[in-house]
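Peer 1: Once you've had a glance at the structure underneath, I'll fire off some questions.
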Amino acid sequence: MSWNPELYHKFQKERFAPFQDLMNLIVVREGINVLDLGCGTGELTQMVSDKLPRSRVLGLDSSDNMLEEASQKSRPGLTFELCPIEKAEGKWDLVFSNAAIQWVDNHKELIPKLTTLLNPNGQIAIQMPANHNHPTQTIMVEIAGQEPYRSALGGWQRQWPVLSIKEYAELLYECGAKEINVFEKIYPHVLQDVDAIVEWLSGTALLPYFERLPKELHNDFVADYKERLCNLYPEVPVFFPYQRIFFSARWPE
């Protein structure tokens with residue numbers, strides 16, 4: 001997908017709170033090897049590096065646009081590379097990911113694979129959006145199933161791979177994890193109006209539809225989506241609860 005760093009950062013304040021909660025799950029150690037999966041423009045990877053003195057931190061991302069900005073933050077002990085999450089390799093003391101693995105399919109295979117990247121006594125710490133059952137998301141699916149979008153998309157609809165917290169806990173246990181911590185949290189955002197929701201999701205959940213639809217249908221799709229949102233949120237400001245999943249675990253020495 002073609003990511004727009006400026007649009008993604010439009011709601012940086014709202015996106016920072018879950019990152020801080022994820023940071024609080026990290027066991028601080030010095031001189032460790034850290035892998036950040038889906039590093040984006042690198043600001044948050046830099047903060048992870050600052051939290052872990054004398055550590056070697058590598059940020060991976062599959063977007064050239066994001067890495068163009070991230071590379072400007074490179075320094076000794078902090079580097080960035082172009083690589084999809086599912087193709088990550090090596091052995092690490094911390095595998096970290098903030099709001100990225102929801103873009104990778106089949107988490108029942110992905111999570112066990114990620115745990116194989118960990119050294120003994122290693123830690124995994126991940127946060128991802130889990131708002132796929134919220135009306136702002138289900139409305140997209142409904143519109144994509146209507147004409148002319150259904151034909152243009154060939155019947156495709158985005159199916160998010162995010163599992164339940166119970167399933168993540170079970171996967172971690174089956175992979176031999178200890179100190180398992182899995183939970184959901186809702187962030188109560190208050191946005192100015194429906195346009196703000198559309199702008200927020202244009203930088204994330206709407207991207208797969210824009211990528212597959214002909215350009216001449218983009219504005220129509222957004223207009224239909226906005227109309228449905230206006231019916232859902234007839235008053236302003238708009239209360240936009242956003243659900244996220246966190247998990248962390250460590251492995252025996």
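Peer 1: For segment 16-41, what are the residues that are under 18 Å from residue 103 (Cα atoms) and in contact with a helix residue (DSSP H, G or I) (Cβ under 7 Å, 6 or more places away or on another chain)?
Peer 2: Of everything in segment 16-41, those that are under 18 Å from residue 103 (Cα atoms) and in contact with a helix residue (DSSP H, G or I) (Cβ under 7 Å, 6 or more places away or on another chain) turn out to be 19, 36, 37, 38, 39, 40, 41.
Peer 1: Yes or no: residue 107 under 24 Å from residue 209 (Cα atoms) and surrounded by 19 or more Cβ atoms within 10 Å (Cβ to Cβ)? Explain how you work it out, then say what you get.
Peer 2: Working: under 24 Å from residue 209 (Cα atoms): yes; surrounded by 19 or more Cβ atoms within 10 Å (Cβ to Cβ): yes.
Judged against the criteria, residue 107 is a match.
Peer 1: Look through 151, 248 and report the one residue that is out of contact with any Ser or Thr (no Cβ under 6 Å at 6 or more places or on another chain), buried (at least 19 other Cβ atoms within 10 Å of the Cβ) and polar (S, T, N, Q).
Peer 2: Details: 151 fails: buried (at least 19 other Cβ atoms within 10 Å of the Cβ).
Criteria check complete, one pass: 248.
Peer 1: For segment 183-205, how many residues are within 26 Å of residue 25 (Cβ to Cβ) and charged (D, E, K, R)?
Peer 2: Counting residues in segment 183-205 that are within 26 Å of residue 25 (Cβ to Cβ) and charged (D, E, K, R) gives 2.
Peer 1: Please enumerate the residues belonging to segment 38-61 that are in contact with a His (Cβ under 9 Å, 6 or more places away or on another chain) and part of a helix (DSSP H, G or I).
Peer 2: 43
Peer 1: Right, here's the next one. Need at least 3 residues that are touching a strand residue (DSSP E or B) at 6+ places or on another chain (Cβ under 8 Å), at pLDDT below 95 and among the hydrophobic types (A, V, I, L, M, F, W, C) per element, so show me which helices (runs of 4 or more DSSP H) inside segment 157-227 make the cut, counting only ones lying wholly within it. Explain how you work it out, then say what you get.
Peer 2: Details: elements: 165-174, 194-202, 207-212.
Because the criterion is at least 3 residues that are touching a strand residue (DSSP E or B) at 6+ places or on another chain (Cβ under 8 Å), at pLDDT below 95 and among the hydrophobic types (A, V, I, L, M, F, W, C), the helices (runs of 4 or more DSSP H) in segment 157-227 that meet it are 194-202.
Peer 1: For segment 62-113, give me each residue that is within 26 Å of residue 31 (Cβ to Cβ), touching a residue at least 40 places away in the same chain (Cβ under 8 Å), in a loop (DSSP other than H, G, I, E, B) and in contact with a Lys or Arg (Cβ under 9 Å, 6 or more places away or on another chain).
Peer 2: Matches in segment 62-113: 88 only.
Peer 1: Further question: Select from segment 85-104 the residues that are under 19 Å from the mean Cα position of the chain (by Cα) and not aliphatic (A, V, I, L, M) and write down the one among them that is surrounded by the fewest Cβ atoms within 10 Å (Cβ to Cβ). Show your work before the answer.
Peer 2: Residues of segment 85-104 that are under 19 Å from the mean Cα position of the chain (by Cα), as a first pass: 85-88, 94-104.
Filter again for not aliphatic (A, V, I, L, M), leaving 86-87, 96-98, 102-103.
On the way: 86: 16, 87: 9, 96: 28, 97: 23, 98: 26, 102: 23, 103: 18.
Filtering first and then ranking leaves 87.
Peer 1: Right, here's the next one. Among the residues of segment 38-56, which ones are closer than 17 Å to residue 21 by Cα and either out of contact with any strand residue (DSSP E or B) (no Cβ under 7 Å at 6 or more places or on another chain) or among the aromatic types (Phe, Trp, Tyr) (or both)?
Peer 2: From segment 38-56, those closer than 17 Å to residue 21 by Cα are 39, 43-52; that's our starting set.
Listed by number, the residues that qualify are 43, 47, 50, 51.
Peer 1: So, of the residues in segment 67-84 that are touching a helix residue (DSSP H, G or I) at 6+ places or on another chain (Cβ under 6 Å) and closer than 25 Å to residue 121 by Cα, which turns out to be surrounded by the fewest Cβ atoms within 10 Å (Cβ to Cβ)?
Peer 2: So the residue we want is 78.
Peer 1: For segment 48-64, enumerate the residues that are farther than 16 Å from residue 95 by Cβ and surrounded by fewer than 17 Cβ atoms within 10 Å (Cβ to Cβ). Show your work before the answer.
Peer 2: Narrowing segment 48-64 to residues farther than 16 Å from residue 95 by Cβ: 50, 53-54, 62-64.
Across segment 48-64, the qualifying residues are 50, 53, 54, 64.
The values are calculated or read from the model by the stated rules, or taken from the named source; none is laboratory data. Note that the structure is a prediction, hence the values are computed from the model and not measured. Don't worry about glycine lacking a Cβ; one is built from the backbone with ideal geometry, like all the others, and counts go over all protein chains shown.
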